[in-house]
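Please read the structure below before turning to the comments.
The values are calculated or read from the model by the stated rules, or taken from the named source; none is laboratory data. Because the structure is a prediction, the values reported are computed rather than measured. Don't worry about glycine lacking a Cβ; one is built from the backbone with ideal geometry, like all the others, and counts go over all protein chains shown. For accessibility, only protein heavy atoms count, side chains too; no ligands or nucleic acids. Shrake-Rupley method; radii C 1.70, N 1.55, O 1.52, S 1.80 Å.
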Amino acid sequence: MAAPFNHRAVEEKWRKRWEEHPVNVNDGKKPKYYCLDMFPYPSGNGLHVGHWRGYVISDVWSRYKLMQGHYIIHPMGWDAFGLPAENYAIKMGVHPAKSTAANVANIKKQINDIAALYDWDMEVNTTDPKFYKWTQWIFVKMFKEGLAYEKEFPINWCPSCKTGLANEEVVNGCCERCGATVTKKNLRQWMLKITAYAERLLNDLDKLDWPEKVKKMQSDWIGKSYGAEVEFPVDGREEKITVYTTRPDTLYGATFMVLAPEHALAASLATEDTKEAVDKYILDASMKSNVDRLQDKEKTGVFTGSYAVNPLNGAKIPIWLSDYVLADYGTGAIMCVPAHDDRDFEFATKFNIPIIQVIAKDGKEIENMTEAYTEASGIMINSGEWNGMESAVLKKEAPMMIEKRGLGRKTVNYKLRDWVFSRQRYWGEPIPIIHCPHCGNVPVPEDQLPLRLPEVESYQPTGTGESPLAAIDEWVNTTCPVCGAPAKRETNTMPQWAGSSWYFLRYVDNHNDKELVSREKADKYLPVDMYIGGVEHAVLHLLYSRFYTKFLCDIGVVDFDEPFTKLFNQGMITGENGVKMSKSMGNVVSPDDLIRDYGCDALRMYELFVGPPELDAEWDDRGIEGVARFLKRFWNLVLDNKDRDGKETKESVKLRHKMVHDITTRLESFSLNTVISGFMEYNNKMIDLAKQQGGMDRETLETAMTLLAPFAPHIAEELWEQMGHTDSVFAHGWPKADAESMKEEEKEIAVQINGKTRGVVNLPVECSKEEAIAAGKAAVADRLTGNIVKEIYVPGRIINLVVK
RNA sequence: GCAGGAGUGGCGGAAUGGCAGACGCAUCAGACUCAAAAUCUGACGUAGGUGACUAUGUGUGGGUUCAAGUCCCAUCUCCUGCACCA
């Protein structure tokens, strides 16, 4: 009997060995493969089994690529600036720099328990001045290119975090971080002109090997629409109001116009009679939070007393104000066609505004309209010279026709807004701008970067709309780098996303203090081949990173404009009943006990075995027994047979090649849970065959441990060594399956009568239909009654006799 | 409301249109043991039968096909994302 498997001894031994003799080395000849994890923010809670999953997936993939002959770039770092780190520090009453450093140390230790291939020489930390020097440098470059600009307007404000937020950080009107209801606050803000890249961000999605879901979320977020801007003169006044519409074909059906309460002309359109009501409506709207505005099911509005003139037919239509029109989309004003738009219909019905149908539904005008007809299909009616045209055709042509007649222009619109980039908090990169009374906004000269975050006693958010940095006079007061006059520093900081938008570029050249990344290394090691992480960043981090990469490509820092060639989103590990693991729910499962009891290899495999990697999975500790038993059985199989000199047989060769084939195809398709079950299946088969034959050949056993190596590296290495090898199992290439050797000569085939299985026959694989049918008939002869009207034989699959 | 995903034993989950439930957990029985643990062997969808068996079964209702968990139509439920974007 072989010595029993002692996971602790084996793991300890190999950890040490790998430290002395790394398995992933860059010889300068092997092709690179960059496999990246979304880097964590170092929270105080440490890792739970859910965090492990993504790291295990990426490590398995990395080791597989390693065995295929690549040099693996598999780095890890810390997204340590930002709200979570700062809020944690405030709660614990320590300085964020201190708590962050402690958390990094703790999590790093935990991550090391995974036994992943991480190359700690590449480590980055977004709060390291050597790192954020370049975060600031990118901002300065963007400023110089006109992509970073200042603007005062009502932004999303989280009253709990006491800071402004980007649109992407507002979820259902609440703060993405803390869940508090987001309000509006008029603030001077730094903005990044991500909208300048809207078209490229949209189009280049086609290039990416990403989950369709994520691509769709991004394209919806960018939200491109085609339409026209149409100018409506205001009756009796000089001004014109421009509206944006995607349905210019329905222009004849416009019976009123609605302006957002924030529209520049809103107040001035009021007449003496309506002034009071209009002013009140505008004021009320300004007090409403996003949530209130969203939750108001019933439409509200107020008539201004003024009229607009439909430029096509001269019809006078009333101008209303309503908060269902958004001020910052399109022109903040819309023409309303109640017959063909749900919202306009609801509004018109409520306020008794006429409804004019301009597209015939099923060739007819609808009597007693009860809902809007929103399809752009049907013949135009009540539309002057457009009568008789097909709506779908007109929808496309109308913008040009309107433009030709000088009534407006063809245009496109995006939902994407510019990125609110400043935060009124302490724990972030200071924005490297100096406000000079003479020169305006002047960037901190590049040779003076990094602009260090000052050490302070008090870093609590002020809530006044100013960052805590504003209170540090000696830091704020400086001189203008251009004219030398007294000037003030910008006191806002950057959002957490700033560092994470480009960190993946830095890993490969993290000590370079001359450049963000050398062009040579960028060309050699970038971009990321495989990016693995949760889906929660679909429109945040992943969109921002694409934007940054495109910008850095445009200014020549890198030569590619998409950062992540392939993306994989792993599902979340939850507690019982799909409840998210959290401290407050008390359902957090720590990997520490499991590692102690079952070992790292077992936990790695169980993380994958719990379910398809892309789906959420409920954690159940008990299941780990299964993989632990498998590892023990495999250990015993190998050690019991290694000295028995088992001969290769036809059966064992076939088994070996089928095993390689199955494991590899499942791995390639990222079906990692079935890779693990595959190992168990083949292990069972090998055990049976070894029993039958009185041994198992060496080649088959070694192939099995080679396949197992990316999943359970310690045990694979140990067994590899026990087989007498002095090199690492990872130095061994990934085995290849030979189709010829896998071929079955005979196959068991079900014989059906009318689609129901009535027997089985063993058939040679190469066998004629006649022979097969004859054998099939013989196998079910006693059940065969009536006339056979059809005989189906699908080689290798089935025989079906259709009987009447 | 719109878009995407999912619905299969007690549980997690497998199934290029071809014998549904692989693999594992839990459970039950047996072996080993003074005993327990570990390990090994076997059973394990439901209903009926002593039985080799028979019928039935992948959310629900239809359809296509020699053959449907898988394809098509309709419908219900759950999850995820977006949501007054004109």
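Observations on the model:
- Dividing the radius of gyration of the alpha carbons in chain A by their Kirkwood radius gives 1.07 for Rg/Rh.
- One quarter of the surface of the convex hull around the alpha-carbon atoms of the range A:178-217 equals 5.1 nm², the direction-averaged projected area.
- Long-range tail of P(r) for the range A:340-414 (Cα pairs > 19 Å, %): 45 percent
- Dipole check for the range A:113-171: with +1 at the C-beta of Lys and Arg, -1 at the C-beta of Asp and Glu, and the Cα centre as origin, the magnitude is about 380 Debye.
- Positive-pole candidate from A:F347, A:Y281, A:V337, dipole of the range A:260-370, charges at beta carbon: A:V337
- Per-residue 3J(HN,Hα) values for the range A:145-162, derived from phi via the Karplus relation 6.51 cos²θ - 1.76 cosθ + 1.60 with θ = phi - 60°, read 8, x, 9, 10, 9, 9, 7, 10, 6, x, 9, 5, 10, 9, x, 7, 7, 6 Hz in sequence order (x marks Gly and Pro).
- Neighbour-limited loop hits for GluC sites (Glu not before Pro), the range A:578-656 (at most 15 other Cβ within 10 Å; DSSP other than H, G, I, E, B): A:E648
- q = 0.27 Å⁻¹, the range A:571-612: log10 I(q)/I(0) [Debye, one scatterer per Cα]: -1.01
- Under 20 Å from the Cα of A:K514 - aspartates and glutamates, other chains or at least 8 residues apart: A:D121, A:E123, A:D128, A:E429, A:E446, A:D447, A:D523, A:D554, A:D559
- Base-10 log of normalised Debye intensity for the range A:593-632 (one unit scatterer per alpha-carbon) at q = 0.23, 0.24, 0.25, 0.31 Å⁻¹: -0.70, -0.75, -0.80, -1.11
- D (Stokes-Einstein, µm²/s), Kirkwood Cα radius, the range A:450-547, 1.567 mPa s at 4 °C: 76 µm²/s
- Residues of type aspartates and glutamates that A:K747 reaches as a straight line, Cα spacing below 16 Å, ignoring anything fewer than 8 places off in the same chain: A:E651, A:E766, A:E771
- Cα lying deepest toward the dipole's positive end in chain A, options A:T785, A:P710, A:Y71, charges on Cβ: A:T785
- Amide H contacts under 5 Å for A:I753, placed H, 5+ residues apart: A:R758, A:L801
- For a straight C-alpha distance cut-off of 17 angstrom, the lysines reachable from A:K583 (same-chain residues fewer than eight places away being disregarded) are A:K91.
- Applying a DSSP loop filter and a limit of 12 other Cβ atoms within 10 Å to the GluC sites (Glu not before Pro) in the range A:176-245 leaves A:E238.
- Counting only Cβ charges, +1 for Lys and Arg and -1 for Asp and Glu, the dipole size of chain A around its Cα centre is about 520 debye.
- For the range A:165-291, the number of Lys pairs separated by eight or more positions or lying on different chains, with C-alpha atoms closer than 22 Å, is 18.
- Of the residues A:S582, A:W619, A:W157, the one whose Cα sits farthest towards the positive end of the charge dipole of chain A is A:W619 (charges of +1 on Lys and Arg Cβ, -1 on Asp and Glu Cβ, taken about the Cα centre).
- Cα-Cα P(r), the range A:664-747, percent of pairs per 10 Å interval: 15, 45, 36, 5, 0
- The range A:408-488 gives an Rg/Rh value of 1.12, both radii derived from C-alpha positions and Rh following Kirkwood.
- Estimated dipole of the range A:383-515 in Debye, rounded to 20 [Cβ of Lys and Arg +1, of Asp and Glu -1, Cα centre]: 820 debye
- Crossing angle, helix A:713-722 versus chain A [Cα axis fit, 0-90 degrees, rounded to tens]: 20 degrees
- Over the C-alpha trace of the range A:629-777, radius of gyration and Dmax come out as 18.1, 60 angstrom.
- Angstrom value of the Kirkwood radius, inverse mean 1/r, which spans all Cα pairs in the range A:41-92: 13.3 Å
- Solvent-accessible surface of the range A:302-358, taken per residue with a 1.4 Å probe and all protein chains present: 37 Å².
- P(r) tail fraction, the range A:322-449 - alpha-carbon pairs more than 25 Å apart, %: 52 percent
- Histogram of C-alpha separations across the range A:82-202, 10 Å bin width, %: 11, 25, 36, 23, 5
- Under the Debye formula (equal points on every Cα, no solvent term), log10 I(q)/I(0) of the range A:506-555 at q = 0.13, 0.17, 0.24, 0.31 Å⁻¹: -0.38, -0.64, -1.05, -1.20
- Here the peptides A:661-672, A:591-602 are ranked by packing, the mean other Cβ count within 10 Å, and the order with the highest first is A:591-602, A:661-672.
- Per-bin percent of Cα-Cα distances, the range A:629-690 [5 Å]: 4, 17, 25, 24, 18, 8, 3, 0
- Average accessible area per residue (Å²) across the range A:143-184 - probe 1.4 Å, nucleic acids and ligands excluded: 45 Å²
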